[in-house]
Ligand SMILES: [Mn+2]
């Protein structure tokens, strides 16, 4: 496919998009990169893959301008690799954008892929205060930042924490991104999954650790005042984050039904380009089964939990 990362609607391309996923997120990653190419975004992409099949890799590479970085099998969730991938040698542009593989671009979002100020990090702040942002947890954040980075602000710079599925930052912040990696290695358990015990200081793993640095590390970049990639600046151009489980390529739930148009357009594009055939699609993405998925959406979270529990038990039995 013709995908030379040279010119697009906003001139020269200055940003590399970085994402990652284990095998369960290979479809999500494909949808994410397809949504870029479909909307004319020719930015280079680096995908961290953990345990993908050759077929899964072949599909995403066929979108053009994609580099795969194989991730070693690790008991930590893939999200802990965000800063490592953002600083890897395959990122050759002045800016880097992290985009979660459970998300998609709606419209041409090129404009949001570069910050307005090199000294700032563009990331969404919670508009309300999340329940884990307590004085007790902030004290732990401060203590850990001081212990590991050598210094900490007396008080948190912010009244709330960040949400990290989409981040834009200049690559001059390499040391800061490395500090994020180091901090995660120090404060998160070695087998951490995506979410820790509710209410604990690092409840949202990588996101909480990033939050602790932005709040307490004196040398951290400031958070950009206006976060525009969520549709606040333009309702036709935004990054849609498929929060909550199951994900749209697994099963649809009542919350995710609103993303159906975004996902089905991308699936139709993939079919049209011959990158996938209908029989290769997971059930939840097959156009003909939509009415079934919509009907069972209200119970999907429980069905999904049951499926995952069964898988885990089978894996344990196999040793
Ligand atoms: Mn996500």
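Answer yes or no as to whether residue 55 is in a loop (DSSP other than H, G, I, E, B), surrounded by fewer than 20 Cβ atoms within 10 Å (Cβ to Cβ), away from the ligand (no atom under 16 Å from the Cβ) and not assigned by TED's automatic domain parsing to the domain that holds residue 308. Answer is no for this residue. Is there a residue being farther than 15 Å from residue 43 by Cβ, in contact with a strand residue (DSSP E or B) (Cβ under 6 Å, 6 or more places away or on another chain) and within 16 Å of the ligand (Cβ to nearest atom) anywhere in the range 129-140? Looking for residues that are farther than 15 Å from residue 43 by Cβ, in contact with a strand residue (DSSP E or B) (Cβ under 6 Å, 6 or more places away or on another chain) and within 16 Å of the ligand (Cβ to nearest atom), one finds none in the range 129-140, hence no. Mind listing just one residue for me: the one in the range 213-230 that is assigned to a loop (DSSP other than H, G, I, E, B) and more than 17 Å from the chain's Cα centre (by Cα) and, of those, nearest to residue 170 (Cα to Cα)? Only one residue fits best here, namely 221. Within the range 85-115, the set of residues being out of contact with any strand residue (DSSP E or B) (no Cβ under 7 Å at 6 or more places or on another chain) and within 19 Å of residue 219 (Cα to Cα) comprises just one member, 87. Examine the range 90-105 for a residue that is part of a strand (DSSP E or B), away from the ligand (no atom under 16 Å from the Cβ) and buried (at least 20 other Cβ atoms within 10 Å of the Cβ), and state whether such a residue exists. Within the range 90-105, one or more residues are part of a strand (DSSP E or B), away from the ligand (no atom under 16 Å from the Cβ) and buried (at least 20 other Cβ atoms within 10 Å of the Cβ).
Here residue 210 qualifies as part of a helix (DSSP H, G or I), within 16 Å of the ligand (Cβ to nearest atom) and in the same structural domain as residue 74 (by TED's automatic domain parsing).
The values are calculated or read from the model by the stated rules, or taken from the named source; none is laboratory data. None of the values given here were measured: they were computed from a predicted structure. Cβ atoms come from the backbone with ideal geometry, glycine included; neighbour counts cover every protein chain shown.
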